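In what follows, a single structure is set out as structure tokens and then discussed.
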Amino acid sequence: MDVKKDFVLKNNVRNTLTKFRNFPMVPRVVFGSGSFGQLGEILMPHRKSTEAPMVYLVDDVFEGTGLVERIPLICSDRLVFISADEEPKTQQVDALVNEIRELFSEEPSGIIGIGGGTLLDLAKAVAIMLTNEGGAARYQGWDLVHKPAVYHVGIPTISGTGAEVSRTTVLLGPEKKLGINSDYTTFDQVILDPDLLEGVPHEQWFYTGMDCFIHCIESLSGTYLNAFSQSYGEKALDLCKEVFLRDLPEKQAREKLMMASWHGGMSIAYSQVGVAHAMSYGLSYVLGVKHGLGNCLVFQHLEEFYPEGVALFHRMKDTHGIVLPKGVCGHVSEDDLDTMSAVALGLEPLWENALGPDWKARVSAEELKSIYRRI
Ligand code: NAD
Ligand code: ZN
């Protein structure tokens, strides 16, 4: 029997019935208080030559702190401080890649991102763009990257986005805010050291933590849910409830939030986010509101879609004395509101996950605009 022909035939039959996603996971991860100290040892086998540096992209909030002294800089390694005040942009990625290419005769041995979702996404995008032609905007979308990225490592210093585990890097491009979703985006190595979360400002801790909580709610109540994402989503949701509704010792709270973020990210890997994320993208596209805060601003008004989740959110917010900004969209023009809702409604898989295949009949631009006006 022709084995190959037989396989192709059977496989085609299977594929016409259903198509399962085959997505990458982070192959190596270290967890533990103080594990950041192992970075030098972890990188060593990946150093290609003395001329092929490790490039560390570090949140500039750490400039002048003890963390920087612990970064294992050797040979031609380079440390670049980057502000996380604004979300990453495709032009910023292109500029960083050009800078690296001009500085070094050899391709870097690795790119290491140290910071929150902003720095993690930049590190992923730079690693991809060092080996792929053209500008980053060209690769915003699904599975448009065809060459493996440079070795890249993610080291989160704030928890919630799940960027440390996801196969996307969310970038603001000239035309859209959209991720580079690809099998090459996922980190090759992640270091989860809960000690690095010390010093995160209270409000930011809440906003980024709520990103994880919202991932869980959107995943668990979505139509794409399956046992794989449910198992991660439920664990992440339990951890969020412990962290945000119970009075845990700080160290434990940091550890649990770090793992909640991981599990929340894993949960959406095999399902999808929903209404809050779609609308938060619109808000961010027009007003530049950052992801964590944007999600909270939208989510507070989504009782129609997520009644239990929104009630829990208000309890968590009140427990921690968080007062969300008001009047954010107060002066937004009709044109801008149209853009916001168009950006939101353009994210079809998110709506399909949230409301099912007939989602277009269940939500309108007018309805979204009326929610935006309340923000
Ligand atoms: P962030 O990286 O934007 O950082 C938020 C703030 O916290 C910044 O001011 C930063 O300097 C500060 N900070 C971080 N760590 C700190 C520490 N240890 N001590 C003191 N200050 C610290 O925050 P974020 O919410 O993690 O990331 C948001 C970004 O993540 C957005 O750009 C969003 O698009 C992206 N995101 C990506 C994914 C993904 O899967 N790739 C998922 C969700 C969100
Ligand atoms: Zn998110």
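Going residue by residue through the stretch 134-143, is there one that turns out to be within 12 Å of ligand 1 (Cβ to nearest atom), open to solvent by less than 20 Å² (accessible area, probe 1.4 Å), under 26 Å from Leu293 (Cα atoms) and at pLDDT 95 or above?
The answer is no; no qualifying residue exists.
Consider only pairs whose beta carbons are under 6 Å apart and that are at least six residues apart or on different chains; among these, list those whose first residue lies in the stretch 272-297 and is more than 10 Å from ligand 2 (Cβ to nearest atom) and whose second residue is of a type in the set (Ser, Thr, Tyr) and open to solvent by 40 Å² or more (accessible area, probe 1.4 Å).
Matching pairs, first to second residue: Gln272/Tyr224; Val286/Thr339.
Against the definition (within 16 Å of ligand 2 (Cβ to nearest atom), among the β-branched types (Val, Ile, Thr) and buried (at least 23 other Cβ atoms within 10 Å of the Cβ)), how does Thr208 come out, yes or no?
Against the criterion (within 16 Å of ligand 2 (Cβ to nearest atom), among the β-branched types (Val, Ile, Thr) and buried (at least 23 other Cβ atoms within 10 Å of the Cβ)), Thr208 qualifies.
Condition first: charged (D, E, K, R), in contact with a helix residue (DSSP H, G or I) (Cβ under 7 Å, 6 or more places away or on another chain) and modelled with pLDDT of 95 or more. Can you find one or more residues in the stretch 112-132 that meet it?
no
If I filter the stretch 122-132 for residues that are within 16 Å of ligand 2 (Cβ to nearest atom) and either touching a Lys or Arg at 6+ places or on another chain (Cβ under 9 Å) or in a helix (DSSP H, G or I) (or both), do I get at least one hit?
yes
Are there helices (runs of 4 or more DSSP H) fully within the stretch 311-375 with at least 1 residues that are in contact with a strand residue (DSSP E or B) (Cβ under 9 Å, 6 or more places away or on another chain) and closer than 15 Å to Leu287 by Cβ? List them.
334-345
Pick from Thr169, Thr157: which is more than 16 Å from ligand 2 (Cβ to nearest atom) and touching an Asp or Glu at 6+ places or on another chain (Cβ under 7 Å)?
The unique qualifying residue is Thr157.
With the condition kept exactly as written, say whether any residue in the stretch 69-88 is β-branched (Val, Ile, Thr), within 30 Å of Leu293 (Cβ to Cβ) and free of Cβ contacts under 8 Å to residues at least 24 places away in the same chain.
Within the stretch 69-88, not a single residue is β-branched (Val, Ile, Thr), within 30 Å of Leu293 (Cβ to Cβ) and free of Cβ contacts under 8 Å to residues at least 24 places away in the same chain.
Hey, can you tell me all the residues within the stretch 250-287 that are in contact with a strand residue (DSSP E or B) (Cβ under 8 Å, 6 or more places away or on another chain) and either modelled with pLDDT under 95 or under 18 Å from Pro88 (Cα atoms) (or both)?
Tyr281, Ser284, Tyr285
Pro325 is checked against (1) open to solvent by 40 Å² or more (accessible area, probe 1.4 Å); (2) farther than 30 Å from Asp247 by Cα; (3) in contact with a Leu (Cβ under 9 Å, 6 or more places away or on another chain) and fails just one. What number does that condition carry?
(2)
So Phe305 clears everything in (1) modelled with pLDDT of 95 or more; (2) touching a Gly at 6+ places or on another chain (Cβ under 8 Å); (3) under 25 Å from Pro201 (Cβ atoms) except one condition, right? Which one?
The number of the failed condition is (3).
Any chance the stretch 83-100 includes a residue that's within 23 Å of Trp142 (Cβ to Cβ), open to solvent by less than 50 Å² (accessible area, probe 1.4 Å), within 16 Å of ligand 2 (Cβ to nearest atom) and in a helix (DSSP H, G or I)?
no
Give the residues of the stretch 270-310 that are among the charged types (D, E, K, R), closer than 24 Å to Val243 by Cβ and not in a helix (DSSP H, G or I), sorted by residue number.
Correct list: Lys290, Glu303.
Specify the residue that is least open to solvent (accessible area, probe 1.4 Å); the eligible residues are those in the stretch 33-67 that are in contact with a helix residue (DSSP H, G or I) (Cβ under 8 Å, 6 or more places away or on another chain) and in a loop (DSSP other than H, G, I, E, B).
For the stretch 33-67, the residue satisfying everything is Gly34.
Restricting the stretch 20-32 to residues that are over 19 Å from Leu192 (Cβ atoms) and hydrophobic (A, V, I, L, M, F, W, C), which is least open to solvent (accessible area, probe 1.4 Å)?
Phe23
Working carefully through the options Ser261, Ser219, find the one that is crowded, with 20+ Cβ neighbours inside 10 Å and touching a Cys at 6+ places or on another chain (Cβ under 6 Å).
Ser261
Conditions: (1) at positive phi; (2) crowded, with 20+ Cβ neighbours inside 10 Å. Gly199 meets all but one. Number of the miss?
Status for Gly199: all satisfied but (2).
The values are calculated or read from the model by the stated rules, or taken from the named source; none is laboratory data. Because the structure is a prediction, the values reported are computed rather than measured. Counting neighbours? That spans all protein chains shown, and the Cβs are built from the backbone with ideal geometry, glycine included. Heavy atoms of the whole protein, side chains included, go into the accessibility calculation; ligands, DNA and RNA do not. Shrake-Rupley method; radii C 1.70, N 1.55, O 1.52, S 1.80 Å.
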